[in-house]
Structures are given as structure tokens and as C-alpha cells.
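The values are calculated or read from the model by the stated rules, or taken from the named source; none is laboratory data. Worth saying up front: this structure is predicted, and the values here are computed from it rather than measured. Here the Cβ positions follow ideal geometry from the backbone for every residue, glycine too, while neighbour counts run over all protein chains shown.
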Amino acid sequence: MKYGIIGGTGIYDLNNNLTEKTIKTPYGPVEIQTIKIEEDEIIFLPRHGKGHQVLPHQVNYQGNIWALKEYGIQTILATAAVGSLRENLKIGDAVVLKDFIDFTQNRKNTFFDGEKGEIAHVSMADPYCQDLRNLLKKQGLSQEAIYVCTQGPRFETAAEINFYAQIGADVVGMTNVPEVVLAKELGLCYACIGIITNMATGLTTTEATGEEIIEAVNQKKTDLTQIFIKIFKEHQKTEKTCSCQTALIKV
Ligand code: HPA
């Protein structure tokens with residue numbers, strides 16, 4: 001079986017033993033890296049490109065998700081760097097995203113824009129795969145969080161963070177929307193771990209440095225990769241109860 005890992009800030013490659021490939025998609029070419037683990041193949045896709053040259057609002061989200069589906073992947077685990085809006089969620093903690101609030105603007109956020117005459121609406125009742133979330137919980141990742149996605153690339157003001165916290169967000173980032181939405185449109189099982197790299201604006205008087213962000217992610221990287229590989233195997237064995245393959249409603 002083939003499985004996908006989408007890595008966020010600071011998680012650019014899994015190890016040195018990988019093969020690089022380019023997948024052609026209607027949204028442009030996408031570079032992936034693959035490693036063989038026994039009879040399985042893990043495909044790694046650095047969301048921001050290798051070396052972090054692509055800004056959050058410029059990521060080719062459509063190309064990335066299309067490429068993984070095209071390559072034969074049904075299950076994706078992703079990571080994303082996030083800021084914390086809650087005192088109890090600390091730098092270095094990993095949270096399982098359970099829902100999102102979208103404040104992005106003008107992103108290409110659907111495969112069904114009406115241009116090909118296909119009209120569809122995807123249900124967001126369960127944006128993150130419930131089966132994968134259950135498996136993450138079993139692996140000890142029991143803290144769940146609501147993610148607010150901002151347009152970036154600037155960070156938020158203190159007033160914005162205060163507002164996002166009041167409307168129910170726990171963590172903030174710039175990349176999970178539309179990634180999670182596009183995965184659901186293609187019927188993929190997708191879950192995402194937020195790695196807390198900083199306290200959001202106004203929750204601390206010291207700004208996080210770039211090095212601190214990378215350091216917080218690096219500490220989690222090896223652990224999470226091992227956990228993801230275990231979960232892929234378990235997910236393959238367990239009976240599916242999620243709604244990922246039936247969430248797209250064509251009209
Ligand atoms: N805001 C937005 N995106 C982020 C942050 C933040 O504080 N930290 C990591 N990604």
C-alpha cells in the first residue's frame with residue numbers, strides 16, 4: 001500500500017534514503033519523495049517545497065492533493081506548525097486537529113469550481129478523518145484542537161487572536177485550509193497534527209524566533225514519523241467507519 005505524509009514548516013524530508021519523483025497534475029508538476037518500508041511505500045510531500053521557499057498563500061494545494069491521489073494514495077497524515085491561543089497548549093505540544101475556522105482569502109479552494117460543468121458540495125461535518133483521529137488518540141495524541149486558518153503571510157494582531165479565541169479557535173496557522181478540504185473532495189482519509197511552535201500574538205511578550213520554531217518541530221519530527229507509520233498499518237487493518245469517501249455531494 002501507498003501512504004502520504006504532508007510535512008509542514010521544519011519537516012522537509014524523512015531520511016536520506018529516498019527516491020525523488022515528479023508527478024504531473026492538471027495544476028502543474030509536484031515533487032514527491034518516496035521510501036519503501038517493507039511492502040509499503042510512504043510518500044512524503046513537503047508542503048512548502050524543499051527548503052521552505054513557498055509561502056502559505058502560494059502553496060499549490062490543488063496540485064499537492066491531486067498528485068497524492070494520482071499516485072494511488074488513499075490515506076494522508078499531515079503536520080502543520082501552529083501558534084497556541086490557549087495557555088494550557090504549550091510550545092512543543094502536538095494537537096490533533098478536530099475542526100477548522102477559515103479566514104483565508106482568494107485561495108483556490110475547490111476542484112469543483114463549475115468550469116468543467118461539474119457542481120459539487122463537500123460536507124464539512126467531519127473535516128478530519130474520524131478513523132485516523134481515533135488511531136492518533138490510541139497512540140497517545142489525545143489533545144484535540146480547533147484550528148483557525150489565516151491568510152498570512154503576516155502574523156496576526158493581538159486583537160485578531162483575541163477574537164479567534166473567543167469564537168472557539170485553539171490554534172492558528174496559515175496552511176490547513178484548503179488542504180483538508182481538497183483531500184475530502186477527492187474522498188481521501190486525511191488527518192493533521194498541529195505542532196505548537198509559539199504562543200500566538202498577545203499571549204506572550206516575547207516573539208518566537210525562526211530557530212525556535214524549527215527547533216520545536218524538529219523535536220517532534222522523528223517521533224511523529226514513527227507514529228504515522230504505525231497508524232498507516234493499523235488503518236489498513238481496521239474496518240472503515242469514517243465518512244471520507246461519501247462526503248462529496250454532486251448536484
Ligand atoms: N500564526 C499563524 N501561523 C502560525 C503561527 C502563528 O502564530 N505559528 C505557526 N504558524
>> Given the condition modelled with pLDDT of 95 or more, surrounded by fewer than 21 Cβ atoms within 10 Å (Cβ to Cβ), under 17 Å from the mean Cα position of the chain (by Cα) and more than 16 Å from the ligand (Cβ to nearest atom), answer yes or no: does some residue in the stretch 109-120 qualify?
In response: yes
>> Tell me the residue from VAL251, VAL217, VAL177, VAL181 that is in contact with a Gly (Cβ under 8 Å, 6 or more places away or on another chain) and of a type in the set (A, V, I, L, M, F, W, C), please.
In response: VAL217
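Looking at the stretch 184-206, is at least one residue among the charged types (D, E, K, R), exposed (fewer than 14 other Cβ atoms within 10 Å of the Cβ) and either at pLDDT below 85 or under 18 Å from the mean Cα position of the chain (by Cα) (or both)? First the steps, then the outcome.
Of all residues in the stretch 184-206, those among the charged types (D, E, K, R) come to 184-185.
Remaining after also requiring exposed (fewer than 14 other Cβ atoms within 10 Å of the Cβ): none.
Looking for residues that are among the charged types (D, E, K, R), exposed (fewer than 14 other Cβ atoms within 10 Å of the Cβ) and either at pLDDT below 85 or under 18 Å from the mean Cα position of the chain (by Cα) (or both), one finds none in the stretch 184-206, hence no.
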>> Let me spell it out: the conditions are (1) assigned to a loop (DSSP other than H, G, I, E, B); (2) more than 24 Å from GLY92 (Cα to Cα), and ALA169 meets all of them except one. Which number is the exception?
In response: (2)
> Between a first residue in the stretch 159-174 that is modelled with pLDDT of 95 or more and a second residue that is assigned to a helix (DSSP H, G or I), which pairs have beta carbons less than 6 Å apart while being 6 or more apart in sequence or on different chains?
Replying inline: MET174/PRO56
>> So, in the stretch 107-138, exactly how many residues are in contact (Cβ under 8 Å) with a residue 40 or more places away in the chain, in a loop (DSSP other than H, G, I, E, B) and closer than 17 Å to GLU179 by Cα?
In response: 13
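Name the residue that is modelled with the highest pLDDT, counting only residues in the stretch 49-66 that are farther than 20 Å from PHE111 by Cα and of a type outside the set (S, T, N, Q).
LEU55
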>> Restricting to the stretch 178-230, and then to whatever is more than 14 Å from the ligand (Cβ to nearest atom) and either small (Gly, Ala, Ser) or not in a helix (DSSP H, G or I) (or both), can you tell me which residue is nearest to GLY83 (Cα to Cα)?
In response: THR205
> Can you pull out the residues in the stretch 57-103 that are over 15 Å from the mean Cα position of the chain (by Cα) and within 16 Å of the ligand (Cβ to nearest atom)?
Replying inline: GLN58, SER84, LEU85, ARG86, GLU87, LEU89, LYS90, ILE91, GLY92, ASP93, PHE103
> Right, CYS149: within 9 Å of the ligand (Cβ to nearest atom), under 13 Å from the mean Cα position of the chain (by Cα) and at pLDDT 95 or above or not?
Replying inline: yes
> Taking the stretch 38-57 only, how many residues are surrounded by fewer than 15 Cβ atoms within 10 Å (Cβ to Cβ) and not in a loop (DSSP other than H, G, I, E, B)?
Replying inline: 1
>> Condition first: touching a residue at least 40 places away in the same chain (Cβ under 8 Å), out of contact with any strand residue (DSSP E or B) (no Cβ under 9 Å at 6 or more places or on another chain) and over 22 Å from GLN130 (Cα atoms). Can you find one or more residues in the stretch 87-102 that meet it?
In response: no
> Just for the stretch 158-176: of the residues that are of a type in the set (S, T, N, Q) and over 30 Å from ASN64 (Cα atoms), which one is farthest from the ligand (Cβ to nearest atom)?
Replying inline: GLN166
> Has the stretch 131-144 got at least one residue that is crowded, with 22+ Cβ neighbours inside 10 Å and within 13 Å of the ligand (Cβ to nearest atom)?
Replying inline: no
> Name the residues in the stretch 88-141 that are among the charged types (D, E, K, R) and farther than 23 Å from GLY63 by Cβ, would you?
Replying inline: LYS90, ASP93, LYS98, ASP99, ASP126, ASP131, ARG133, LYS137, LYS138
